[in-house]
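Asker: First the structure, which I've put down as structure tokens, then a few questions once you've had a look.
FYI, it's all coordinate maths here, none of it is from the lab. No experiment lies behind these values; they were computed from the predicted model shown. Cβ placement follows ideal geometry from the backbone for every residue including glycine, while neighbour counts extend to all protein chains displayed.
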Amino acid sequence: MDEARLRGLTPSVLAILVRRGADFAAAEDAVQDALLEALRVWPTDPPRDAKGWLLTVAWRRFLDAARSETARRRREELLQGEPAPGRAPAMDDTLHLYFLCAHPALSPSSAVALTLRAVGGLTTRQIARAYLVPEATMAQRISRAKRTVAGVRLDRPGDAATVLRVLYLVFNEGYSGELDLAAEAIRLTRRLHVALDHPESAGLLALMLLHHARRSARTTPEGALVPLAEQDRRRWDTGAIAEGIAILRAALARDRLGEYQAQAAIAALHADAPRAEETDWVQIVEWYDELVRLNRSPVVRLNRAVAVGEADGPGAGLVALAELEESLPRHSAVAAHLHERAGDLDTAARLYAEAARKATNLAEREHLTRRAARLRHRPGS
Amino acid sequence: MAKYLLLKHYRGAPAAVNDVPMDQWTSQEISAHVRYMRNFADRLEETGEFVDSQALAPEGTFVRYDGEGRPPVTDGPFAETKDLIAGWMVIDVDTRERALELTAELSAAPGAGGQPIHEWLELRPFLTQPPTIED
């Protein structure tokens with residue numbers, strides 16, 4: 001019984017408890033207790049029926065917690081009405097948990113934490129470590145989130161867009177500790193995709209797989225960033241790419257384009273190019289045009305300027321960039337790249353140094369500083 | 001989901017509105033201040049936004065490497081150093097607006113006369129991990 005399978009069982013056990021009449025917050029606490037107990041006991045004493053074990057322990061924990069004078073009557077009603085254990089839960093139950101945990105009333109960080117715990121079956125400690133906050137803080141964040149959604153009915157469909165956004169956030173957080181958040185996000189999105197059957201859940205899953213495929217080529221052994229054009233494409237995970245492309249094709253065939261499908265299409269075009277020089281930039285620009293229609297985020301428009309620079313030359317890229325606010329994050333990084341491609345290396349070096357000062361993450365700052373250094377110390381300068 | 005450092009300076013920040021040094025406060029004023037700071041940290045933990053809070057001794061030593069096999073060179077403390085950090089708080093919040101709001105709240109800690117100090121705190125974002133999605 002590996003930990004990932006154990007985690008996979010928790011949302012359906014939680015759904016059964018809720019269906020038996022437990023309120024979501026108490027049921028979720030009980031499942032977390034059962035999960036911690038399983039992590040403690042199972043390595044030496046593995047159960048024959050993992051899910052049955054988890055359900056029994058969680059239900060007992062829930063009843064224990066409810067055992068107070070005021071709760072007694074309600075508990076007796078529940079005991080009388082208890083359905084046969086182990087009834088196979090409908091996938092819909094899990095889907096409703098996704099909707100609840102990503103409820104629009106929650107802030108992004110609360111939705112992320114609650115999703116990872118209630119749907120992802122992670123412990124509070126694991127989530128706290130992944131996000132580098134104290135365990136007590138994460139515990140409070142989760143219990144507040146549960147209070148926020150306490151009155152929400154679990155039997156109504158929610159907003160798919162917020163669920164996808166939460167999973168996107170988890171994936172984009174990447175890999176910062178012992179817990180691989182990108183892999184967690186893929187696992188959760190895969191499960192969601194089965195339950196939801198929506199072109200955009202497919203698009204998001206494809207997007208994740210296509211980016212995850214590049215992971216081992218994205219950094220040097222020392223941890224420095226390797227830009228897409230310089231990655232050793234033989235190190236890309238061809239299995240993940242093939243799966244991502246197949247999922248994307250099926251989604252696009254349904255003719256309901258959304259931003260995740262468009263982003264995945266761009267990633268797929270990169271994956272299709274055996275060498276960076278063979279990239280179909282013209283098609284990539286077309287996809288960026290679609291993406292800008294769907295999502296006018298500054299990141300998208302900056303990346304479009306890079307693509308235009310590749311498709312139509314750096315001059316055209318600079319023209320596209322001129323339409324954007326200079327205060328946008330990464331604006332000077334893109335300008336530096338386009339000036340370098342145009343052969344204006346002194347301007348590029350100055351802009352790379354400026355971009356390094358403005359970088360919001362350390363790996364990118366180091367990368368941009370190295371670019372500036374390479375241009376400033378080039379032979380003959 | 002971004003971390004920010006709230007820096008409190010002994011020296012180096014612009015003067016506070018209620019700029020009376022702590023050693024001139026009454027003991028009730030000091031107690032009220034300490035209570036406010038503790039409550040603030042407790043509340044942040046309850047909202048799931050607290051990461052860390054530490055105070056620093058004012059006297060520091062400058063240390064540098066002095067070559068293979070030689071003991072480190074030390075210097076200071078320098079009375080003339082312009083900037084002196086008194087302590088910090090680290091928060092983990094959803095937006096920059098929230099970070100500003102919390103910083104302002106911390107700056108309102110009571111000082112002399114039980115009135116808010118309005119002290120200047122420095123707010124600095126942490127550098128993050130690079131995003132997974134690169135294009």
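Asker: Can you name the number of the only condition in (1) more than 19 Å from B:Thr132 (Cα to Cα); (2) of a type in the set (Lys, Arg); (3) surrounded by 17 or more Cβ atoms within 10 Å (Cβ to Cβ) that A:Arg304 fails?
Answerer: In the conditions (1) more than 19 Å from B:Thr132 (Cα to Cα); (2) of a type in the set (Lys, Arg); (3) surrounded by 17 or more Cβ atoms within 10 Å (Cβ to Cβ), A:Arg304 misses (1) alone.
Asker: Identify, please: which residue in the stretch A:268-287 is of a type in the set (Asp, Glu) and in a helix (DSSP H, G or I) and is, among those, farthest from A:Ala213 (Cα to Cα)? Talk me through it step by step, then tell me what you get.
Answerer: Taking the stretch A:268-287 as the starting set, the residues that turn out to be of a type in the set (Asp, Glu) are A:272, A:277-278, A:280, A:286.
Narrowing the set further to residues that are in a helix (DSSP H, G or I) leaves A:272, A:277-278, A:286.
Numbers: A:Asp272: 12, A:Glu277: 19, A:Glu278: 19, A:Glu286: 23 Å.
By that ranking, first place goes to A:Glu286.
Asker: With the condition kept exactly as written, say whether any residue in the stretch B:94-106 is in contact with a strand residue (DSSP E or B) (Cβ under 6 Å, 6 or more places away or on another chain), touching a residue at least 12 places away in the same chain (Cβ under 8 Å), among the acidic types (Asp, Glu) and not in a helix (DSSP H, G or I).
Answerer: There is no residue in the stretch B:94-106 that is in contact with a strand residue (DSSP E or B) (Cβ under 6 Å, 6 or more places away or on another chain), touching a residue at least 12 places away in the same chain (Cβ under 8 Å), among the acidic types (Asp, Glu) and not in a helix (DSSP H, G or I).
Asker: Could you check the stretch A:99-137 and list, in sequence order, the residues that are within 16 Å of the chain's Cα centre (by Cα), in a helix (DSSP H, G or I) and hydroxyl-bearing (Ser, Thr, Tyr)?
Answerer: Listed by number, the residues that qualify are A:Ser109, A:Ser110, A:Thr115.
Asker: A further question follows. So which residues in the stretch B:67-93 are within 14 Å of chain A (Cβ to nearest Cβ) and either assigned to a helix (DSSP H, G or I) or among the acidic types (Asp, Glu) (or both), if there are any at all?
Answerer: Here is the first cut: in the stretch B:67-93, the residues within 14 Å of chain A (Cβ to nearest Cβ) are B:89-93.
Hit for the stretch B:67-93 is B:Asp92, nothing else.
Asker: It is to be established whether one or more residues within the stretch A:234-256 are among the polar types (S, T, N, Q) and either in contact with an Asp or Glu (Cβ under 6 Å, 6 or more places away or on another chain) or within 18 Å of A:Glu310 (Cα to Cα) (or both). Break it down into steps so the answer makes sense when it comes.
Answerer: Of the residues in the stretch A:234-256, the ones among the polar types (S, T, N, Q) are A:238.
Next, only the ones that are either in contact with an Asp or Glu (Cβ under 6 Å, 6 or more places away or on another chain) or within 18 Å of A:Glu310 (Cα to Cα) (or both) stay: none.
For the stretch A:234-256, residues among the polar types (S, T, N, Q) and either in contact with an Asp or Glu (Cβ under 6 Å, 6 or more places away or on another chain) or within 18 Å of A:Glu310 (Cα to Cα) (or both): absent.
Asker: Can you work out which of the residues in the stretch A:167-182 that are away from chain B (no Cβ under 11 Å) and of a type in the set (A, V, I, L, M) is surrounded by the most Cβ atoms within 10 Å (Cβ to Cβ)?
Answerer: Among residues in the stretch A:167-182 that are away from chain B (no Cβ under 11 Å) and of a type in the set (A, V, I, L, M), the one surrounded by the most Cβ atoms within 10 Å (Cβ to Cβ) is A:Leu167.
Asker: Could you please tell me which pairs satisfy a Cβ distance under 7 Å, a separation of 6+ or placement on different chains, a first residue in the stretch A:190-216 that is over 14 Å from A:Tyr168 (Cβ atoms), and a second residue that is in a loop (DSSP other than H, G, I, E, B)?
Answerer: Note: pairs meeting the criteria are A:Pro199/A:Arg254; A:Pro199/A:Arg256; A:Pro199/A:Gly258; A:Ala213/A:Trp236; A:Ala213/A:Asp237; A:Arg214/A:Gln231; A:Arg214/A:Trp236.
Asker: Restricting to the stretch B:31-51, count the residues that are without any contact (Cβ under 8 Å) to a residue 40 or more places away in the chain, farther than 30 Å from A:Leu114 by Cβ and more than 18 Å from the chain's Cα centre (by Cα).
Answerer: Result for the stretch B:31-51: 1.
Asker: All but one of (1) more than 9 Å from chain B (Cβ to nearest Cβ); (2) more than 19 Å from A:Ala251 (Cα to Cα) hold for A:Arg218, so report the exception by its number.
Answerer: Condition (1) is where A:Arg218 drops out.
Asker: Within the stretch A:209-219, how many residues turn out to be surrounded by fewer than 20 Cβ atoms within 10 Å (Cβ to Cβ) and either under 14 Å from the mean Cα position of the chain (by Cα) or farther than 14 Å from B:Pro130 by Cα (or both)?
Answerer: Total meeting the criteria: 2.
Asker: Being farther than 22 Å from A:Leu95 by Cα and not charged (D, E, K, R) is the filter here, so list the residues in the stretch A:118-171 that pass it.
Answerer: Scanning the stretch A:118-171 gives A:Gln126, A:Ala128, A:Ala130, A:Tyr131, A:Leu132, A:Val133, A:Pro134, A:Ala136, A:Thr137, A:Met138, A:Ala139, A:Gln140.
Asker: From the set of residues in the stretch A:310-367 that are among the small types (Gly, Ala, Ser) and in contact with a Pro (Cβ under 7 Å, 6 or more places away or on another chain), which is nearest to the other protein chains (Cβ to nearest Cβ)?
Answerer: As a first pass, look at the stretch A:310-367 and keep what is among the small types (Gly, Ala, Ser): A:311, A:313, A:315-317, A:320, A:322, A:327, A:332-333, A:335-336, A:342-343, A:348-349, A:353, A:355-356, A:359, A:363.
Now narrow it down to the ones that are in contact with a Pro (Cβ under 7 Å, 6 or more places away or on another chain): A:342, A:363.
Details: A:Ala342: 21, A:Ala363: 5 Å.
In this case the residue turns out to be A:Ala363.
Asker: If you take the residues of the stretch B:119-132 that are in a loop (DSSP other than H, G, I, E, B) and out of contact with any Gly (no Cβ under 9 Å at 6 or more places or on another chain), which of them is nearest to the other protein chains (Cβ to nearest Cβ)?
Answerer: Residues of the stretch B:119-132 in a loop (DSSP other than H, G, I, E, B): B:119-121, B:126-127, B:129-132.
From the residues that got through so far, the ones that are out of contact with any Gly (no Cβ under 9 Å at 6 or more places or on another chain) too are B:120-121, B:126-127.
Numbers: B:Trp120: 23, B:Leu121: 20, B:Phe126: 9, B:Leu127: 5 Å.
Among those residues, the one meeting the criterion is B:Leu127.
Asker: Looking for whichever is of a type outside the set (Phe, Trp, Tyr), surrounded by fewer than 17 Cβ atoms within 10 Å (Cβ to Cβ) and either closer than 21 Å to A:Ala182 by Cα or more than 8 Å from every other protein chain (Cβ to nearest Cβ) (or both) here; the options are A:Gly121, A:Gly151. Which one fits?
Answerer: Numbers: A:Gly121 fails: surrounded by fewer than 17 Cβ atoms within 10 Å (Cβ to Cβ).
Sole residue among the options that is of a type outside the set (Phe, Trp, Tyr), surrounded by fewer than 17 Cβ atoms within 10 Å (Cβ to Cβ) and either closer than 21 Å to A:Ala182 by Cα or more than 8 Å from every other protein chain (Cβ to nearest Cβ) (or both): A:Gly151.
Asker: Would you check if there is a residue in the stretch B:21-41 being away from chain A (no Cβ under 14 Å), acidic (Asp, Glu) and in contact with a helix residue (DSSP H, G or I) (Cβ under 7 Å, 6 or more places away or on another chain)?
Answerer: For the stretch B:21-41, residues away from chain A (no Cβ under 14 Å), acidic (Asp, Glu) and in contact with a helix residue (DSSP H, G or I) (Cβ under 7 Å, 6 or more places away or on another chain): present.
Asker: Within 14 Å of another protein chain (Cβ to nearest Cβ), in a helix (DSSP H, G or I) and surrounded by 20 or more Cβ atoms within 10 Å (Cβ to Cβ), is that true of A:Arg371?
Answerer: Details: within 14 Å of another protein chain (Cβ to nearest Cβ): no; in a helix (DSSP H, G or I): yes; surrounded by 20 or more Cβ atoms within 10 Å (Cβ to Cβ): yes.
It is false that A:Arg371 is within 14 Å of another protein chain (Cβ to nearest Cβ), in a helix (DSSP H, G or I) and surrounded by 20 or more Cβ atoms within 10 Å (Cβ to Cβ).
Asker: Provide a single number: the residues in the stretch A:118-151 that are free of Cβ contacts under 8 Å to residues at least 60 places away in the same chain and either touching a helix residue (DSSP H, G or I) at 6+ places or on another chain (Cβ under 6 Å) or of a type in the set (A, V, I, L, M, F, W, C) (or both). Before you say what the answer is, go through the steps one by one.
Answerer: Taking the stretch A:118-151 and keeping what is free of Cβ contacts under 8 Å to residues at least 60 places away in the same chain, we get A:125-142, A:144-145, A:148, A:151.
Those still in the list that are either touching a helix residue (DSSP H, G or I) at 6+ places or on another chain (Cβ under 6 Å) or of a type in the set (A, V, I, L, M, F, W, C) (or both) too: A:125, A:127-128, A:130, A:132-133, A:135-142, A:145.
Qualifying residue count for the region: 15.
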